[in-house]
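First the structure, in the form of structure tokens, and then the observations on it.
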Amino acid sequence: MLNTSVRSASPHPREAAVRVDGLRLLETLAGLAEFGADAQGGVSREAFSLADDAARDYLAGIARSAGLYPRVDEAGNLIVRMAAEPSGRPVLLMGSHLDSVTNGGKYDGAYGVVAALETLRSFAEQDVRTRFEPVMIAFTNEEGALFPQPFWGSMAVAGVLADAEQAVDRAGNSIRGPLARAGGDLDSIHRAAWPAGSIGAYLELHIEQGPILERRGFPIGVVDAIVGRTIFEFTVDGQQNHAGTTPMDCRSDALVAAAQIVLAVEDVSKQRRLCSVSTVGLLDVEPGLTNVVPGRCHLSVEIRDTRPEQLAKAEAALTGAAGEIGRATGTEVSVEVTMRSSPVHTDPLLSAAIEATAERLDLPTMTLSSGAGHDAQIIGAVAPIGMIFVPSANGLSHSPEEHTDDVHLMAGADVLASTAANL
Ligand code: HGY
Ligand code: MN
Ligand code: MN
């Protein structure tokens, strides 16, 4: 549904437009992009890396110098308040995630964090009074790049992070040390959960990471739903053997089986349309030598859809295909589901507030769903959520080519700040 109706431009008398310091927003964003800047021109600021720690310290330093009150919670989330002590009012939480994928872009997550920080700075400077207590949060490990437990920080805040003490990276190293280095504490991570009802609302500003806003020519997107996601880890066990002496009809080639799994994953969305998208993003081959028949393969797989019933159907199709492929190739195929995040709808009142604010700022809006996952969908379990999108150039993201024009970055931050001021 396109919403291009332009309401009367006259702002409601009591509703103020709060504009952020756009140049300062861009400077802070550029400064943040230095942490984890990589040779390919992207950003590799994986959660719990040294670059991630430095980025957290950088933002906390800016907050402190602006007279705000930063602290890191037990899960490693950076939380910034406008006063030393909570006011006791319901909190309007605003933010996104600080971590990136490997060789990703400088805007995914970081933009919403910096815009939320800029909103608090602007509220302080312009003496903006709000019914809610505005609080900024930079969630950690939304991506799950090094430690494959995505939504780590937002799940901790929502009180739904399970088996945290068992979290390890792909080499089996515990999260304990890196979490402590980031300022968290695995043994008291349950304290990162906010009391029920303490979050009055959550607003997340984010780049679209897709092509729709740019194609349709809208500067602001109002998100109505966020896609659900299921992540699987497939392990294929075959028989490692000599590439020269092992006849073709005597092989249990783990990579041949893995190749059929890759095609089965594409099949569930592209041909069978059971879910909207399906991806194999990681494939390990062991031992990975030219003259050795692969004995073991590992694949990390994800499926996405806004309909829970379709996610269930696609999951059943994939686990069924795994068994058939194992039998057909003489290999053992095991599948473990490591994460399920439900599709969520945003709060209609928050969406209406975003839309009305954008239109008062003469920024046309359209409503769209998010094919990317966001911390908002986790916080949606404990508070009403609203999401604001700005266009992504050429729809690219999770790539060094991720880009959003400055004018859109500043406009989006104005919409966040003005919406927050008028809730
Ligand atoms: O993968 C996602 O959808 C998000 O960018 N973490
Ligand atoms: Mn991302
Ligand atoms: Mn993101």
Flag if ILE303 is within 30 Å of VAL256 (Cβ to Cβ) and among the aliphatic types (A, V, I, L, M):
yes
Within segment 98-114, the residues that are within 12 Å of ligand 1 (Cβ to nearest atom) and over 20 Å from GLN40 (Cα atoms) are GLY112
Does TYR111 satisfy the criteria of being at pLDDT 95 or above, within 20 Å of VAL390 (Cβ to Cβ), part of a helix (DSSP H, G or I) and within 16 Å of ligand 3 (Cβ to nearest atom)?
yes
Looking at segment 125-140, is at least one residue within 16 Å of ligand 3 (Cβ to nearest atom), surrounded by fewer than 21 Cβ atoms within 10 Å (Cβ to Cβ) and not aromatic (Phe, Trp, Tyr)?
no
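Looking for whichever is more than 16 Å from ligand 3 (Cβ to nearest atom) and assigned to a strand (DSSP E or B) here; the options are LEU263, LEU282, LEU274. Which one fits?
Values: LEU263 fails: assigned to a strand (DSSP E or B); LEU274 fails: assigned to a strand (DSSP E or B).
None of the other options fit; the residue is LEU282.
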Quick check on segment 337-387: of everything there that is under 14 Å from the mean Cα position of the chain (by Cα) and either farther than 30 Å from LYS313 by Cα or in a helix (DSSP H, G or I) (or both), which residue is farthest from ligand 2 (Cβ to nearest atom)?
ILE379
Away from ligand 1 (no atom under 16 Å from the Cβ), farther than 18 Å from HIS97 by Cα and either crowded, with 19+ Cβ neighbours inside 10 Å or among the aromatic types (Phe, Trp, Tyr) (or both), is that true of GLU332?
no
For segment 366-376, state whether one or more residues are more than 24 Å from ALA156 (Cα to Cα) and within 16 Å of ligand 1 (Cβ to nearest atom).
yes
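Suppose the filter is touching a Ser or Thr at 6+ places or on another chain (Cβ under 7 Å), among the polar types (S, T, N, Q) and buried (at least 20 other Cβ atoms within 10 Å of the Cβ); does SER154 pass it? Show your work before the answer.
Details: touching a Ser or Thr at 6+ places or on another chain (Cβ under 7 Å): no; among the polar types (S, T, N, Q): yes; buried (at least 20 other Cβ atoms within 10 Å of the Cβ): yes.
Criteria not met by SER154.
If only one of ALA358, ALA413 is surrounded by 22 or more Cβ atoms within 10 Å (Cβ to Cβ), among the small types (Gly, Ala, Ser) and under 21 Å from ASP108 (Cβ atoms), which one is it?
Details: ALA358 fails: under 21 Å from ASP108 (Cβ atoms).
Sole residue among the options that is surrounded by 22 or more Cβ atoms within 10 Å (Cβ to Cβ), among the small types (Gly, Ala, Ser) and under 21 Å from ASP108 (Cβ atoms): ALA413.
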Selection from segment 47-80 of residues that are open to solvent by 20 Å² or more (accessible area, probe 1.4 Å), in a loop (DSSP other than H, G, I, E, B) and over 23 Å from ARG170 (Cα atoms)
ALA66, GLY67
I want to confirm something. Restricting to segment 81-124 and keeping residues that are more than 16 Å from ligand 2 (Cβ to nearest atom) and polar (S, T, N, Q), which single residue is most open to solvent (accessible area, probe 1.4 Å)?
SER87
Within segment 298-319, is even one residue free of Cβ contacts under 8 Å to residues at least 40 places away in the same chain, within 16 Å of ligand 2 (Cβ to nearest atom) and not in a helix (DSSP H, G or I)?
no
Going through segment 261-298 one residue at a time, which ones are open to solvent by 50 Å² or more (accessible area, probe 1.4 Å) and either at pLDDT below 95 or among the polar types (S, T, N, Q) (or both)?
GLN271, SER276, THR279, THR290, ASN291
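Do you know which residues across segment 241-260 are of a type in the set (D, E, K, R) and surrounded by 15 or more Cβ atoms within 10 Å (Cβ to Cβ)?
Step one: filter segment 241-260 for residues of a type in the set (D, E, K, R), giving 249, 251, 253.
If the condition is that a residue be of a type in the set (D, E, K, R) and surrounded by 15 or more Cβ atoms within 10 Å (Cβ to Cβ), then ARG251, ASP253 are the ones that fit.
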Does ALA37 count as open to solvent by 30 Å² or more (accessible area, probe 1.4 Å) and either in the same structural domain as ALA84 (by TED's automatic domain parsing) or touching a Phe, Trp or Tyr at 6+ places or on another chain (Cβ under 8 Å) (or both)?
yes
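Would you point out which residue out of GLY244, GLY238, GLY217 is touching a Leu at 6+ places or on another chain (Cβ under 9 Å), at pLDDT 95 or above and not hydroxyl-bearing (Ser, Thr, Tyr)? So that I can check it myself, show each step before the final result.
Details: GLY244 fails: touching a Leu at 6+ places or on another chain (Cβ under 9 Å); GLY217 fails: touching a Leu at 6+ places or on another chain (Cβ under 9 Å).
Just a single option satisfies the conditions, and that option is GLY238.
Per-residue answers, yes or no, for (1) touching a Ser or Thr at 6+ places or on another chain (Cβ under 7 Å); (2) under 24 Å from GLU142 (Cβ atoms); (3) in contact (Cβ under 8 Å) with a residue 12 or more places away in the chain; (4) not assigned by TED's automatic domain parsing to the domain that holds GLU143:
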| residue | (1), (2), (3), (4) |
| --- | --- |
| GLY238 | yes, no, yes, yes |
| ARG273 | no, no, no, yes |
| THR279 | no, yes, yes, yes |
| GLY288 | no, no, no, yes |
| VAL293 | yes, no, yes, yes |
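The values are calculated or read from the model by the stated rules, or taken from the named source; none is laboratory data. In this text, all values refer to a predicted model and were calculated from it rather than measured experimentally. No Cβ is skipped: glycine too gets one built from the backbone with ideal geometry, and neighbour counts run over all protein chains shown. The accessibility values were calculated without ligands, DNA or RNA, using every heavy atom of the protein model including side chains. Shrake-Rupley method; radii C 1.70, N 1.55, O 1.52, S 1.80 Å.
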